[in-house]
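Step one of this worksheet: look at the structure below.
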């Protein structure tokens, strides 16, 4: 059937050689694959955006098929004086002008062959050749040209000719590798100050080209290595979209590895990376990966201490060096002589106030008076703490808060120090004979004894504060007479019991009060000396890879912890940006990876959506050297304001029309939607990075740390950089 076609070369074998001779800067060896054996047809119709190609079945077979999404390259006609080539992509079939007549011939042959032979065997050779010549629709990606710097790409075409044909080839081997790894642009980071700097050292292999799930994966000429520039992620937004088990986590691991390994050849290039790990697969060894990402420091032959930090609520056997993420809800003790020192108090109560915020969030839905009053009491440190009276009132309130913690079952310090917080006048009032008509007179007297003791037990203080709360609201007690005498003597006219203290005491109105935040006890440790959020910020400033394991714990509390950490990171990067200090362009960069981003990101339409830390980090982080990496199976959960500024895309299988339509609106992903919807193979993704001028379909490499590492050799590079 195809003899007449196969005997005719489709392309001029001397064309490339003649162009290379005419334009000496073209590397002829790069285009050795452009021969009659890789030619697929000719351009039939061409405009600025698309092309219709005339392609014979024989030549499709010769080149191993034309998958949707595959790259094609169209060369100049023999009469063209230029040396540029058009780069295009297969997007589908196209009906040619003779399609009606060939359809009729096909139908006639089929009718004559029913129940007998295959209809194509009934065709005359000239008719078979006519039918075998079909149309391919291609999208114009741009123009490939050459300069002294090598291969270059422009994202459009300057001209086209309606009456001029051109050969079309399927690029393979070195040419295909050059096309898929061609850097169109770069990040605005000056790396020239790095020792032994060479841009080619930066690019890291992460995948191989793969244009269809049915591809013959043994063909090395069409499955060529794909490399990314890890610096594309810095200061930028990166999205990993795909269904569960489609390879998102694997993609995040290999990109985190690529960014981390920048220090292999350039020790000064240390990027701080923070991964929120909802399933523990980054921070722990697991059956899927074997050795987890937390062992990545072994690839640079360095001890873990200065390279990797993991955080979590417990330390598994494979990660005994983990830092435990707990808060000391009581804060650090404050000596009597330091109660008016605002800086000292601020530092000492830092964790207490963090714990207080967690409690307020936990109690946000409370509506009863005894809980909502306690929740809403303001424990912020007064500006005029140097005033002894102000300091006493503040620390008295802090003590009530701490006693409520102890009553809720939080592990407490050995004893509370209440020296100087409850004067003898108030204790005398509690023990006054004027309380004799009250039903609780004995409790008031006992409370007075407790408050005279500078170091009572926590249980004693709880009983005392229950009595004080009753004393204040007991119309038969001596409280009102005491309060009148106190305010008369006071220079300010203030009452002894201020509104803040009264609100806090309401928590003792019923035993159920402290139970509203009891479940936060798992977040507390009396032995914690610093806030882990601050520790994480310091680790990132040191260029460490930090993994925050959230595989255990209440999802709501985990979300609050992630948000609190993110605010600290954001404000620290903001502080660095506004400090005026001149850092080298490749210093003080931070990348934050957010797995299951739909659980953390605000949804479109929610109140103050753009004021959340996630939205602000994604929109404003670039200028502060803060990059954000999002992974989710629901692209629709990501704000359009974030998607419109996303620079790096890893798109795997999406089985929902709604989710696929979100992706379809960006860049050239519309060409891949049928494949994205249909093919569910893990790791088969559409890759587009900041450096790229077009999307590349790839099969991601599998993240796997070697079990045995070779001895370090100063004369060789790690295989990641090969």
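Take residue 629 and decide whether it is in a helix (DSSP H, G or I), at pLDDT 85 or above and closer than 21 Å to residue 694 by Cα. When the stated conditions are applied, residue 629 does not pass them.
This table checks each residue for (1) crowded, with 16+ Cβ neighbours inside 10 Å; (2) outside the structural domain of residue 413 (by TED's automatic domain parsing); (3) in a helix (DSSP H, G or I); (4) touching a helix residue (DSSP H, G or I) at 6+ places or on another chain (Cβ under 7 Å).
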residue: 340; (1), (2), (3), (4): yes, no, no, yes
residue: 343; (1), (2), (3), (4): no, no, yes, no
residue: 353; (1), (2), (3), (4): yes, no, yes, no
residue: 361; (1), (2), (3), (4): yes, no, yes, yes
residue: 370; (1), (2), (3), (4): yes, no, yes, yes
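Looking only at residues in the range 258-302 that are under 14 Å from residue 593 (Cβ atoms) and out of contact with any strand residue (DSSP E or B) (no Cβ under 8 Å at 6 or more places or on another chain), the one that is surrounded by the most Cβ atoms within 10 Å (Cβ to Cβ) is 281.
Scanning the range 398-425 for residues that are closer than 17 Å to residue 471 by Cα and crowded, with 20+ Cβ neighbours inside 10 Å turns up 400, 422. Given the criteria modelled with pLDDT under 90, touching a helix residue (DSSP H, G or I) at 6+ places or on another chain (Cβ under 9 Å) and surrounded by fewer than 20 Cβ atoms within 10 Å (Cβ to Cβ), does residue 452 qualify? Criteria not met by residue 452. If you go through the range 487-513 and pick out every residue that is at pLDDT 85 or above and surrounded by 15 or more Cβ atoms within 10 Å (Cβ to Cβ), you end up with 13.
Annotation for the range 563-571: no member residue is touching a strand residue (DSSP E or B) at 6+ places or on another chain (Cβ under 6 Å) and buried (at least 16 other Cβ atoms within 10 Å of the Cβ). For the range 125-146, the condition holds for no residue, the condition being that it is modelled with pLDDT under 75, assigned to a loop (DSSP other than H, G, I, E, B) and not assigned by TED's automatic domain parsing to the domain that holds residue 688. Set side by side, the residues 573, 518, 559 differ, and just one is assigned to a helix (DSSP H, G or I), over 21 Å from residue 235 (Cα atoms) and free of Cβ contacts under 8 Å to residues at least 60 places away in the same chain, which is 559.
Using the structure shown, decide if residue 486 is over 50 Å from the mean Cα position of the chain (by Cα), over 21 Å from residue 334 (Cβ atoms), in contact (Cβ under 8 Å) with a residue 60 or more places away in the chain and in a helix (DSSP H, G or I). Criteria met by residue 486. In this structure, is residue 319 touching a helix residue (DSSP H, G or I) at 6+ places or on another chain (Cβ under 9 Å), at pLDDT below 90 and in a loop (DSSP other than H, G, I, E, B)? Considered against the rule, which asks whether it is touching a helix residue (DSSP H, G or I) at 6+ places or on another chain (Cβ under 9 Å), at pLDDT below 90 and in a loop (DSSP other than H, G, I, E, B), residue 319 comes out as yes. When residues in the range 427-457 are screened for being more than 56 Å from the chain's Cα centre (by Cα) and within 21 Å of residue 394 (Cβ to Cβ), 1 of them pass.
The values are calculated or read from the model by the stated rules, or taken from the named source; none is laboratory data. Everything numeric here is computed off the predicted structure, so don't read it as measured data. Don't worry about glycine lacking a Cβ; one is built from the backbone with ideal geometry, like all the others, and counts go over all protein chains shown.
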